[in-house]
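Notes to accompany the following structure.
The values are calculated or read from the model by the stated rules, or taken from the named source; none is laboratory data. Being a predicted model, the structure only gives us computed values, none of them experimental. A quick note on method: Cβ atoms are made from the backbone with ideal geometry, for glycine too, and the neighbour counts reach across all protein chains shown. Side chains included, ligands, DNA and RNA excluded: accessible areas come from the protein's heavy atoms. Shrake-Rupley method; radii C 1.70, N 1.55, O 1.52, S 1.80 Å.
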Amino acid sequence: MKKILITGGAGYIASHTNVELLDKNYELILVDNFCNSVYESVKRVEEITGKKVKFYEADLKDFVQLEKVFESEKNIFAVIHFAALKAVGESVEKPLMYYENNISGSLNLYKCMMKYGVNNFVFSSSATVYGDPAEVPVKEDAPVHATNPYGHTKAMMEQILLDAAKALGWNVVILRYFNPVGAHSSGRIGEDPAYPNNLLPFVSQVAAGIREKVVVFGDNWDTPDGTGVRDYIHVTDLAKAHVSALEKLENDKGTFIYNIGTGRGYSVLEMIDAFSKACGHPVKYQIGPRRSGDVATVLADPSKAEKELGWKAELELEDMVNSAWKWQSMNPKGYK
Ligand code: UFG
């Protein structure tokens, strides 16, 4: 079966993607430096699927370490590149660390692909590249306007990749994720952040009594209930988009960009309400000031992915919050 190299292979989105890929009998080579993940997630993926993966602990910033992986693994069909630092606030405080990690890590990866003749690539990008989109739902041809260093790194990683693809004849699928949430239906893998910067992991920890209350970042946005609206997508749906992307690379040549979202938006208050139903008690919250850099509404137009990849989100809000709560309840300390 086709061999796939996965960077950031122990992380939140990778672990869910790994389950879907192993179910389709892909052979997986995972690389991770554990800067935001633990090996336990890899073990659990193997337990869920009953299949084994090959694992290398390596840092993409270290070309020599990374090259050893490419030297040892012949016939890689495609790379899926998840590895990156991803906290918006931290990226504003430590931009150089973000550029160094995300950009030079990606450059090393692209250089290894060139040297070892790997031609197929799936890139884990983000709706963050659209910044504050002029029109929602946002389409893939909307201007790239990132508004923070993290977003800039994602936009740059895309651009460098497209330039390399053009020069070297690579086939590339760029997936721009909207807001990934939820966990695997088994409750055994999920998001395990050191600190919950995003809404749902925070709500989940409040529901579990680990934190006192959710602060809602503003209720005076230009939205139906005044709180921010986002396109939340179940991580299992997102994982399946990677299977579709690989199938696209098997059948088509070229470079392709897709929004991966549902096209349906929920407000912060709607998310808190849905989570309260999932956990069976009200999740405490308080309205606070706006968070700097936030925007009112971000929503995908996912129709291009449906048309060209044959992929469509299938899971509902209820599945997102129920699975997130199952993961939280079964693993109160995450993977620890
Ligand atoms: N929010 C709160 N309180 C919190 C956390 C978030 O009210 O404690 C609100 C935000 O203001 C926003 C919504 O919940 O309206 C979602 O916020 P998140 O931080 O969960 O997600 P963002 O949309 O801000 O950003 C996320 C990722 C980015 C990614 C982007 C893609 O953090 O990495 O989605 O659109 F690029």
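Annotations
- Extension gain (nm, one decimal) between residue 47 and residue 104, 0.36 nm per residue minus Cα-Cα: 17.2 nm
- In the chain, helices alone account for a calculated mean residue ellipticity at 222 nm of -12000 deg cm²/dmol, with every DSSP H run of four or more residues adding -39,500 (n - 2.57).
- Between region 221-243 and region 164-187, the alpha-carbon center distance in angstrom: 16 Å
- Qualifying chymotrypsin sites (Phe, Trp or Tyr not before Pro) in region 1-88, where qualification requires a DSSP coil assignment and no more than 14 other C-beta atoms within 10 Å, comprise 34, 39.
- Surface exposure of the chain, expressed per residue as accessible area with a 1.4 Å probe, stands at 44 Å².
- Dimensions (Å) - the chain, Cα atoms, principal axes, largest first: 54, 43, 39
- Extension gain, residue 135 back to residue 197 (0.36 nm per residue minus Cα-Cα distance, nm): 19.7 nm
- Accessible surface of residue 316, taken over heavy atoms with a 1.4 Å probe and every protein chain present, rounds to 110 Å².
- Relative contact order computed over the chain (Cα-Cα under 8 Å; 6+ residues apart), in percent: 19 percent
- Exposure ranking of 192, 219 by accessible area [1.4 Å probe, largest first]: 219, 192
- Here region 212-336 has 49 percent of its accessible surface on carbon and sulfur atoms, given a 1.4 Å probe and all protein chains in place.
- Sparse packing (at most 16 other Cβ atoms within 10 Å of the Cβ) combined with a DSSP loop state is found for the following trypsin sites (Lys or Arg not before Pro) in region 131-227: 139, 211, 213.
- Non-local Lys pairs in region 258-336, i.e. 8 or more apart or on different chains, that have alpha carbons under 20 Å apart: 4
- When the GluC sites (Glu not before Pro) in region 83-140 are filtered for DSSP coil states and for at most 15 other beta-carbon atoms within 10 Å of their beta-carbon, the remaining sites are 135.
- Beta bridge orientation in the chain: antiparallel %, DSSP, nearest 5: 5 percent
- Sorted largest first by accessible area at a 1.4 angstrom probe radius, with every protein chain in place, the residues 144, 129 fall in the order 144, 129.
- Here region 1-44 is described by how far its Cα atoms reach on the three principal axes: 30, 16, 15 Å, from widest to narrowest.
- Largest to smallest accessible area among 262, 227 [probe 1.4 Å]: 262, 227
- Net lengthening on full extension, residue 215/residue 23 (0.36 nm per residue, minus Cα-Cα): 65.2 nm
- For region 79-171: lysine pairs under 21 Å (alpha-carbon distance), excluding those fewer than 8 apart on one chain: 8
- By the Cα gyration tensor, region 217-336 has an equivalent ellipsoid whose semi-axes, rounded to whole angstrom, run 30, 20, 12 from largest to smallest.
- Measuring with a 1.4 angstrom probe and ignoring ligands and nucleic acids, residue 156 comes out at about 80 Å² accessible.
- Within the accessible area of region 131-179 (1.4 Å probe), percent carbon and sulfur: 54 percent
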